[in-house]
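The values are calculated or read from the model by the stated rules, or taken from the named source; none is laboratory data. What you see is a predicted model; the values in this text were computed from it and never measured. Every residue, glycine as well, gets a Cβ built from its backbone with ideal geometry; the counts of neighbours run over all protein chains shown. Surface accessibility is based on the protein's heavy atoms, side chains included, excluding ligands, DNA and RNA. Shrake-Rupley method; radii C 1.70, N 1.55, O 1.52, S 1.80 Å.
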Amino acid sequence: MANRGPSYGLSREVQQKIDRQYDPELEQILVRWILAQCGGDVTQPAPGRDGFQQWLKDGTVLCRLINSLHPRGQAPVAKIQASSMAFKQMEQISQFLQAAERYGIAATDIFQTVDLWEGE
């Protein structure tokens with residue numbers, strides 16, 4: 001999550017609502033599915049919301065996932081590389097989102113790059 005101070009007022013209420021909706025069981029189901037789909041290409045995340053967000057934050061897991069849903073040789077994300085540079089991580093998330101939309105995910109169901117990157 002981004003380094004921010006405590007939230008107040010409406011921001012705090014919204015964050016509390018988001019926190020209440022987080023489902024650790026669903027997280028584990030998703031982790032198992034992603035690991036099974038990607039094979040040995042990805043490692044398991046640390047448990048919990050922050051660990052899950054950090055696992056997805058650089059976009060490599062997401063890009064490997066979307067590539068695994070396509071036939072070999074037709075992967076939509078050609079170059080996947082881990083990077084500690086924020087703009088590179090956000091670029092990979094954007095590549096995943098574009099590929100997900102081409103795959104058939106409705107644009108209204110897709111999150112914004114910065115939301116994942118900042119843990120919103």
Quiz item: When Rg is the radius of gyration of the Cα atoms in the stretch 25-118 and Rh is its Kirkwood radius, what does Rg/Rh come to?
Solution: 0.93
Self-check item: Sequence of 32, 20 when ordered by accessible area, the most exposed leading, probe 1.4 angstrom
Solution: 20, 32
Practice problem: Under a 10 Å cutoff between Cα atoms, tell me which one of 65, 97, 26 has the largest fluctuation in the Gaussian network model of the chain. | Solution: 26
Quiz prompt | the stretch 25-118 - percent of accessible surface contributed by carbon and sulfur, probe 1.4 Å | solution = 53
Exercise. Taking only protein heavy atoms into account and a 1.4 Å probe, give the accessible area per residue of the chain in Å².
Key: 67
Exercise. Among 44, 15, 92, determine the one that fluctuates most according to a GNM of the chain built with springs between C-alpha atoms less than 10 Å apart.
Key: 15
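Which sequence of 102, 12, 49 reflects their accessible areas, 1.4 Å probe, from the largest down?
Values: 102 160, 12 120, 49 55 Å².
Per-residue accessible area, sorted high to low, gives 102, 12, 49.
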Practice problem: Provide the net charge surrounding residue 88, with neighbours chosen by a C-beta distance below 13 Å and charges set as Lys +1, Arg +1, Asp -1, Glu -1. | Solution: 0
